[in-house]
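*Asks:* The following block contains the structure, expressed as structure tokens.
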Amino acid sequence: MVSGEVRAAVPTAAPREAGAESSPAWEVFVGERFIAAFAAPAPARVALAFTEAANGPTADLEDLVGRIPLGPDGVETFALMWWPPTGDTVTAVVRGDAAVDLASPGGRRRLDASGIRPWHLADFRDVIALRVSSSGAPLDAMDDADAAPVEPSRRFRARSVEWHAVAGAEVASPEARGDDAGGAAGAEASAPARSIAFRIAGGELRRSAVPVLIGRRPSRPLALPEPVELIRVEGGTGALSATHLELRLEGGRIVATDLRSTNGTVVRTGSGTRRMRAGESIVVAPGTVLELGGDTIVEILPTQDDQAHPDRQAPA
Amino acid sequence: MTQIGNGNTRFRVTLPGGAEVRLAWSAMTHTGLRREVNEDSFVAQPPVFAVADGMGGHAAGDFASAAVVTRLAEHGGRDAVGTPEIDQSLRLAVQDMGRGAGVTDEGSGTTVTGAALGSISGEPAWLVFNIGDSRVYRLVGGVLEQLTVDHSIVQELVDAGQITRDEADSHPHANVITRAVGFHEAPLPDYRAIAIEPGMRLLVCSDGLTKELTSYGIRHFLLANPKAEPAARALLDAALGNGGRDNVTVIVVDVIAVTRPTATVG
């Protein structure tokens, strides 16, 4: 998750217009890596547990959920948003009437409990804004004019709570989203100049922002109207096909495609080896080695963007 | 292709919390019209209903999907399972794939998705799990909802706003998944718990169905056929009628009734 700020519309002691407060009030606790909202007033033991969590050492998700009593006399409605120290995911947990609205470049969506017990939990990526809402409220723009930034480690009562990525902080590119496929480090990454980084047969580091075709005498397929980079492997043995392998960026992932090569492509990762089917496409993580035959070995390298940005912080 | 269990029009199970659930289900699979072999497998017997879509050269995909459903079927006869049991079954399946000498030497893997009977805080719940791009849908009150999120390149592109949902279907990498069971990876399912409600219907299917039918079409055939067996048949036939480009597997599970322990006592 990128850096951002928490904003809340905190009602003044005397409501400006009596009865105008249609949305329910929330009792909110903001920690270094979480925002928790309970239907106000929160039970005293919950308030105590979350005040402690907000001021104490950074709690993990299980710990936070464990602080919420369920069952009889438990909490009926809550929303909890938590994010790990690195990576770009946000985990949202909702119960009862609470809902979390999330905005990402792909659009807006809502997580509500839909009656799921004990709670409904889901992970989201590329989140640029969040709002605590209730399942009855409309899913409209997230920009409460009355909302003002609030400090972390705070407890307050509010009728709306939002989190926005701060201007200038880019949405973490999916480049390094805690790579499920290959176990690469889930570091945060910035979006500009995304490129594929690789090395052929122990040669120099190469980068390309466009799809790469590798082979003995690579040629551009007629079906590819976009610019491509053709890489001719000198001294490649007969095992290498004329146009053998394609590397291409899709979102933040690198997709390798065997171009129906004669002798096939073998994929080696830290955990094992497999042979690609002729024409097969797979996701390759940095550290993966593709063997095209003979000494033609293509190593997928981490892009520079993969390194964690120390200036990036969780919203605070 | 490995089929474990098939259909049942009336099945009664009592969950650990005391709730009694009555189910009916139907499962079927077809090679499709373009493929030579069916690499899909399924298990359809309580407490697990799951579909696996195998990938890999020659017979490796079939081997992988069979390994997964065979391990999941080992829970057959139990009332309920939890996430640790499913995790363990998938880990054992990955080990089994490593033992397929001569078949899986060059790597094999599979998707897996399904729903298992479970109990959360004493409440009857479906434990929905997923790795890859097979899917579980829920139909409640005429509303169809996709319960699983695909682990695929196009899903990530849609999430990031780079392509639309419609463009995803025709994307050249529509089949490329970002997570699988096998290929030496530790299996990491997404889990979701869903209340078991009377009248609800679950659909567990491989992408051979969802590539041929839109969610509108899926909803239509589920609503038009109140019984599980004709519903599964209609979906399968429609997928074949639309081209049947891939193996198609369909499991339809109906929750007929849920009786809570307090109701039986009182």
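The values are calculated or read from the model by the stated rules, or taken from the named source; none is laboratory data. All of these numbers come straight from a predicted model, not from anything done at the bench. Cβ sites come from the backbone with ideal geometry, for glycine too, and all protein chains shown count toward neighbours.
*Asks:* Inspect the range A:241-248 for any residue being at pLDDT below 90 and of a type in the set (D, E, K, R) and give the result as yes or no.
*Replies:* No, every residue in the range A:241-248 fails to be at pLDDT below 90 and of a type in the set (D, E, K, R).
*Asks:* Looking at (1) over 20 Å from B:A232 (Cα atoms); (2) touching a Gly at 6+ places or on another chain (Cβ under 6 Å); (3) aliphatic (A, V, I, L, M), which is the one condition that is false for B:V37?
*Replies:* (2)
*Asks:* A follow-up question, please. Can you tell me which residues in the range B:185-216 are on the phi < 0 side of the Ramachandran plot, more than 10 Å from chain A (Cβ to nearest Cβ) and part of a loop (DSSP other than H, G, I, E, B)?
*Replies:* Quick first cut of the range B:185-216, residues on the phi < 0 side of the Ramachandran plot only: B:185-198, B:200-216.
From what is left, the residues that are more than 10 Å from chain A (Cβ to nearest Cβ) are B:187, B:189, B:196, B:198, B:200-216.
Selection gives B:P187, B:P189, B:I196, B:P198, B:M200, B:S206, B:K211, B:E212, B:L213, B:T214.
*Asks:* Ok, one more. Just to be sure before I move on: is A:R217 modelled with pLDDT of 85 or more, surrounded by fewer than 19 Cβ atoms within 10 Å (Cβ to Cβ) and not hydrophobic (A, V, I, L, M, F, W, C) in the structure I sent? Even if it seems obvious, please write down each step before you answer.
*Replies:* Values: modelled with pLDDT of 85 or more: yes; surrounded by fewer than 19 Cβ atoms within 10 Å (Cβ to Cβ): yes; not hydrophobic (A, V, I, L, M, F, W, C): yes.
For A:R217, the condition - modelled with pLDDT of 85 or more, surrounded by fewer than 19 Cβ atoms within 10 Å (Cβ to Cβ) and not hydrophobic (A, V, I, L, M, F, W, C) - is met.
*Asks:* Between B:G244, B:G217, which is crowded, with 19+ Cβ neighbours inside 10 Å and over 19 Å from B:A44 (Cα atoms)? First the steps, then the outcome.
*Replies:* Details: B:G217 fails: crowded, with 19+ Cβ neighbours inside 10 Å.
Answer to the check: B:G244.
*Asks:* Look through A:E226, A:E234 and report the one residue that is more than 14 Å from chain B (Cβ to nearest Cβ), of a type in the set (D, E) and not in a strand (DSSP E or B). Quick ask: steps written out before the conclusion?
*Replies:* Values: A:E226 fails: more than 14 Å from chain B (Cβ to nearest Cβ).
A:E234 is the lone residue from the list that is more than 14 Å from chain B (Cβ to nearest Cβ), of a type in the set (D, E) and not in a strand (DSSP E or B).
*Asks:* Look through the range A:280-294, keep the residues that are touching a residue at least 24 places away in the same chain (Cβ under 8 Å) and not in a strand (DSSP E or B), and return whichever of them is surrounded by the fewest Cβ atoms within 10 Å (Cβ to Cβ). Talk me through it step by step, then tell me what you get.
*Replies:* Our first condition is that a residue be touching a residue at least 24 places away in the same chain (Cβ under 8 Å); within the range A:280-294, this holds for A:281-288, A:290-294.
When the remaining residues are screened for being not in a strand (DSSP E or B), the result is A:285-288, A:292-294.
Details: A:A285: 20, A:P286: 20, A:G287: 17, A:T288: 22, A:L292: 27, A:G293: 20, A:G294: 15.
Ranking the qualifying residues of the range A:280-294, first place goes to A:G294.
*Asks:* Only one residue in B:E85, B:E39, B:E123 is of a type in the set (D, E, K, R) and touching a Ser or Thr at 6+ places or on another chain (Cβ under 7 Å), so which one is that? Walk me through it before giving the result.
*Replies:* Values: B:E85 fails: touching a Ser or Thr at 6+ places or on another chain (Cβ under 7 Å); B:E123 fails: touching a Ser or Thr at 6+ places or on another chain (Cβ under 7 Å).
Just one listed residue meets the conditions, B:E39.
*Asks:* Before we move on, is B:I153 touching a residue at least 40 places away in the same chain (Cβ under 8 Å) and either crowded, with 22+ Cβ neighbours inside 10 Å or touching a helix residue (DSSP H, G or I) at 6+ places or on another chain (Cβ under 8 Å) (or both)?
*Replies:* Against the criterion (touching a residue at least 40 places away in the same chain (Cβ under 8 Å) and either crowded, with 22+ Cβ neighbours inside 10 Å or touching a helix residue (DSSP H, G or I) at 6+ places or on another chain (Cβ under 8 Å) (or both)), B:I153 does not qualify.
*Asks:* If you don't mind, another one. Check off (1) within 13 Å of chain A (Cβ to nearest Cβ); (2) surrounded by fewer than 19 Cβ atoms within 10 Å (Cβ to Cβ); (3) farther than 26 Å from B:V250 by Cβ for B:R91 and give me the number that stays unchecked.
*Replies:* Evaluating B:R91 over (1) within 13 Å of chain A (Cβ to nearest Cβ); (2) surrounded by fewer than 19 Cβ atoms within 10 Å (Cβ to Cβ); (3) farther than 26 Å from B:V250 by Cβ leaves (1) as the failure.
*Asks:* Being closer than 26 Å to B:F63 by Cβ, more than 9 Å from chain A (Cβ to nearest Cβ) and assigned to a strand (DSSP E or B) is the filter here, so list the residues in the range B:108-126 that pass it.
*Replies:* Narrowing the range B:108-126 to residues closer than 26 Å to B:F63 by Cβ: B:108-116.
Okay, now just the ones that are also more than 9 Å from chain A (Cβ to nearest Cβ), so B:110-116.
Selection gives B:T110, B:V112, B:T113, B:G114, B:A115, B:A116.
*Asks:* List the strands (runs of 3 or more DSSP E) inside the range A:22-115, counting only whole elements, that have at least 3 residues being closer than 30 Å to B:E167 by Cβ.
*Replies:* Working: elements: A:26-30, A:34-39, A:78-82, A:89-95, A:98-104, A:107-112.
The strands (runs of 3 or more DSSP E) meeting that bar are A:89-95, A:98-104, A:107-112.
*Asks:* Please verify whether the range A:174-184 includes one or more residues that are at pLDDT below 75, under 20 Å from A:L61 (Cβ atoms) and of a type outside the set (D, E, K, R). Reasoning before the result, please.
*Replies:* Applying the first criterion (at pLDDT below 75) to the range A:174-184 yields A:174-184.
Narrowing the set further to residues that are under 20 Å from A:L61 (Cβ atoms) leaves A:177-178, A:180.
Adding the requirement that they be of a type outside the set (D, E, K, R) leaves A:178.
Yes, the conditions are met somewhere in the range A:174-184.
*Asks:* Then there is this: Any residue at all in the range B:87-99 that is under 15 Å from B:R179 (Cβ atoms) and assigned to a strand (DSSP E or B)?
*Replies:* So far as the range B:87-99 goes, no, none of its residues is under 15 Å from B:R179 (Cβ atoms) and assigned to a strand (DSSP E or B).
*Asks:* Turning to a different aspect of this structure: Test A:A79 against the stated conditions and say whether it is of a type in the set (A, V, I, L, M) and at pLDDT 85 or above.
*Replies:* Values: of a type in the set (A, V, I, L, M): yes; at pLDDT 85 or above: yes.
Here the answer is yes, as A:A79 does meet what is asked.
*Asks:* I've got another one for you. In the range A:248-279, how many residues are part of a loop (DSSP other than H, G, I, E, B), buried (at least 20 other Cβ atoms within 10 Å of the Cβ) and more than 8 Å from chain B (Cβ to nearest Cβ)?
*Replies:* Our first condition is that a residue be part of a loop (DSSP other than H, G, I, E, B); within the range A:248-279, this holds for A:251-252, A:259-265, A:270-271, A:276-279.
Going one step further and asking which of them are buried (at least 20 other Cβ atoms within 10 Å of the Cβ), we end up with A:251-252, A:261, A:264-265, A:276-277.
Filter once more, keeping what is more than 8 Å from chain B (Cβ to nearest Cβ): A:261, A:264-265, A:276.
Counting residues in the range A:248-279 that are part of a loop (DSSP other than H, G, I, E, B), buried (at least 20 other Cβ atoms within 10 Å of the Cβ) and more than 8 Å from chain B (Cβ to nearest Cβ) gives 4.
*Asks:* Please name all residue pairs, on different chains or six or more residues apart, with Cβ atoms under 7 Å, provided the first residue is in the range B:225-250 and is without any contact (Cβ under 8 Å) to a residue 12 or more places away in the chain and the second residue is outside any loop (DSSP other than H, G, I, E, B).
*Replies:* Sorted first by the residue in the range B:225-250, then by its partner, the pairs are B:N225/B:A231; B:N225/B:A234.
*Asks:* Another one. Restricting the range B:135-144 to residues that are assigned to a strand (DSSP E or B) and touching a helix residue (DSSP H, G or I) at 6+ places or on another chain (Cβ under 9 Å), which is surrounded by the fewest Cβ atoms within 10 Å (Cβ to Cβ)?
*Replies:* Quick first cut of the range B:135-144, residues assigned to a strand (DSSP E or B) only: B:135-140, B:143-144.
With touching a helix residue (DSSP H, G or I) at 6+ places or on another chain (Cβ under 9 Å) added as a condition, the list becomes B:135, B:137, B:139, B:143-144.
Working: B:R135: 23, B:Y137: 21, B:L139: 20, B:V143: 8, B:L144: 17.
It comes out as B:V143.
*Asks:* Identify, please: which residue in the range B:165-181 is assigned to a loop (DSSP other than H, G, I, E, B) and within 9 Å of another protein chain (Cβ to nearest Cβ) and is, among those, surrounded by the fewest Cβ atoms within 10 Å (Cβ to Cβ)?
*Replies:* Restricting attention to the range B:165-181, the residues satisfying the condition of being assigned to a loop (DSSP other than H, G, I, E, B) are B:171-176, B:178-180.
Imposing the further condition that a residue be within 9 Å of another protein chain (Cβ to nearest Cβ) reduces the set to B:171-173, B:175-176, B:178-180.
Numbers: B:H171: 17, B:P172: 14, B:H173: 20, B:N175: 16, B:V176: 20, B:T178: 25, B:R179: 21, B:A180: 27.
Looking at the filtered set, the residue picked out is B:P172.
*Asks:* Can I ask one more? Is the range B:143-152 home to any residue that is in contact with a Lys or Arg (Cβ under 6 Å, 6 or more places away or on another chain), of a type outside the set (D, E, K, R), closer than 14 Å to B:V51 by Cα and more than 10 Å from every other protein chain (Cβ to nearest Cβ)?
*Replies:* Within the range B:143-152 (the criterion being in contact with a Lys or Arg (Cβ under 6 Å, 6 or more places away or on another chain), of a type outside the set (D, E, K, R), closer than 14 Å to B:V51 by Cα and more than 10 Å from every other protein chain (Cβ to nearest Cβ)), the answer is yes, since at least one residue qualifies.
*Asks:* Within the range A:125-142, identify whether any single residue is surrounded by 15 or more Cβ atoms within 10 Å (Cβ to Cβ), modelled with pLDDT under 80 and among the charged types (D, E, K, R), and answer yes or no.
*Replies:* yes
*Asks:* Which of (1) modelled with pLDDT of 80 or more; (2) crowded, with 20+ Cβ neighbours inside 10 Å is the odd one out, the single condition A:P302 does not satisfy?
*Replies:* (2)
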